[in-house]
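To keep things clear, I will list the structure first and then write my remarks on it.
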Amino acid sequence: MFLKQNAIKAGACLVLMTLAAPVAAQQLRMNVGCPTLGSADIGKYTIDQLNKLCHNNTGTSATSISSSGSQPTEAVVSAENGAALSCGQHKALAAFARMNPGFVEGETSAAVVEKYCAGKPDDAAPGGSQVGGDLLTGVFGFERGYYNTYSGAKGRICKTYYSGKAFLDKGTIELNSGGHTWRGTISSNSYISITRDGVTPRPKNHTVISGPMLSAELYNGYCGSGFFRLTAQ
């Protein structure tokens, strides 16, 4: 509570620098629709069904403020709705990715599991969880890029570094990068979620950003894996 109050008073830039304290798993609401690893009926889900349960990857939208600050736009609403995916839920997504290489949400979850779920039980929130991400409003910087270095046409599309401004409004995020507008959500544990349905024009390949807003995972079916992070302006 003290951190939240200070975050609101101190302003957006200070919030980004001071959101550092991890949050106990019991303080975070979990998305119960996403099956945990080892669930008896996990094998019955198709990739599309799992996407809907864990990421609401169906194009559901809600009104948010546009980057111009005037006209409202449509922003994708994640299945989290302010909640946090547990380590078990990320493990479930990662398991599907091993069987289905094109399942990019699972690719990012695999990275989350490797980086933030070591030694944690399935019902725990991943490391990097912080309070207050869904309270932020204002203009922030962002950086993103792909780890692989390509040449030619692919190199012009899959760059190792992009930067720009991200517009946050109490749980929603919008930014322009690489000729696309990206819209998604930031949950109460400061985890960002942007799926292919939140990118316009819609990418030809599956695309997702998922993970802690200061150190998230980026994955695209054409460019491969990469990083995304918010920074102070």
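Among the residues of region 98-110, what is the count of those that are buried (at least 20 other Cβ atoms within 10 Å of the Cβ) and in a helix (DSSP H, G or I)?
7
For residues in region 139-158 being part of a strand (DSSP E or B) and among the hydrophobic types (A, V, I, L, M, F, W, C), which is farthest from the chain's Cα centre (by Cα)?
Of region 139-158, the ones part of a strand (DSSP E or B) are 139-146.
Pick out the ones that are also among the hydrophobic types (A, V, I, L, M, F, W, C) and you get 139-140, 142.
Values: VAL139: 18, PHE140: 16, PHE142: 13 Å.
Result: VAL139.
Keeping to region 198-227, report how many residues are among the charged types (D, E, K, R) and under 17 Å from TYR150 (Cα atoms). Steps first, please.
As a first pass, look at region 198-227 and keep what is among the charged types (D, E, K, R): 202, 204, 217.
In the following step, the residues that additionally are under 17 Å from TYR150 (Cα atoms) were identified as none.
Going through region 198-227 one residue at a time, the tally reaches 0.
Criterion first (more than 20 Å from PHE227 (Cα to Cα) and either hydroxyl-bearing (Ser, Thr, Tyr) or modelled with pLDDT under 80 (or both)) does ALA83 satisfy it?
When the stated conditions are applied, ALA83 passes them.
Go through region 171-183 residue by residue and tally those that are on the phi > 0 side of the Ramachandran plot and touching a residue at least 24 places away in the same chain (Cβ under 8 Å).
Total meeting the criteria: 1.
Out of all the residues in region 185-202, is one or more surrounded by fewer than 18 Cβ atoms within 10 Å (Cβ to Cβ), of a type outside the set (Ser, Thr, Tyr), assigned to a loop (DSSP other than H, G, I, E, B) and without any contact (Cβ under 8 Å) to a residue 40 or more places away in the chain? Can you show your working first?
Step one: filter region 185-202 for residues surrounded by fewer than 18 Cβ atoms within 10 Å (Cβ to Cβ), giving 200-202.
Of the ones still in play, those that are also of a type outside the set (Ser, Thr, Tyr) are 201-202.
If we keep only those that are assigned to a loop (DSSP other than H, G, I, E, B) too, we end up with 201-202.
Among the residues that remain, those that are also without any contact (Cβ under 8 Å) to a residue 40 or more places away in the chain are: 201-202.
Within region 185-202, one or more residues are surrounded by fewer than 18 Cβ atoms within 10 Å (Cβ to Cβ), of a type outside the set (Ser, Thr, Tyr), assigned to a loop (DSSP other than H, G, I, E, B) and without any contact (Cβ under 8 Å) to a residue 40 or more places away in the chain.
Taking region 208-233 as the search range and keeping residues that are outside any loop (DSSP other than H, G, I, E, B) and of a type in the set (Ser, Thr, Tyr), which one is surrounded by the most Cβ atoms within 10 Å (Cβ to Cβ)?
The residue in question is SER210.
Taking VAL208 as the residue in question, decide whether it is under 14 Å from GLY224 (Cα atoms) and aliphatic (A, V, I, L, M).
Working: under 14 Å from GLY224 (Cα atoms): yes; aliphatic (A, V, I, L, M): yes.
So VAL208 fits the description; yes.
Looking at LEU93, LEU85, LEU135, which is the one that is in contact with a Ser or Thr (Cβ under 6 Å, 6 or more places away or on another chain), within 20 Å of MET213 (Cβ to Cβ) and of a type in the set (A, V, I, L, M)?
Among LEU93, LEU85, LEU135, only LEU93 is in contact with a Ser or Thr (Cβ under 6 Å, 6 or more places away or on another chain), within 20 Å of MET213 (Cβ to Cβ) and of a type in the set (A, V, I, L, M).
Let me spell it out: the conditions are (1) among the polar types (S, T, N, Q); (2) buried (at least 17 other Cβ atoms within 10 Å of the Cβ); (3) within 24 Å of LYS52 (Cα to Cα), and ASN205 meets all of them except one. Which number is the exception?
Condition (2) is where ASN205 drops out.
Within region 116-137, can you find the residues that are in contact with a strand residue (DSSP E or B) (Cβ under 8 Å, 6 or more places away or on another chain), of a type outside the set (Val, Ile, Thr) and surrounded by fewer than 18 Cβ atoms within 10 Å (Cβ to Cβ)?
Correct list: ASP123, GLY127.
Among the residues of region 138-180, what is the count of those that are farther than 28 Å from CYS87 by Cβ, crowded, with 17+ Cβ neighbours inside 10 Å and touching a helix residue (DSSP H, G or I) at 6+ places or on another chain (Cβ under 7 Å)?
Counting residues in region 138-180 that are farther than 28 Å from CYS87 by Cβ, crowded, with 17+ Cβ neighbours inside 10 Å and touching a helix residue (DSSP H, G or I) at 6+ places or on another chain (Cβ under 7 Å) gives 0.
The values are calculated or read from the model by the stated rules, or taken from the named source; none is laboratory data. A quick note: this is a predicted structure, and the numbers were derived from the prediction, not measured. So basically every Cβ, Gly included, is an ideal-geometry build from the backbone, and we count neighbours across all protein chains shown.
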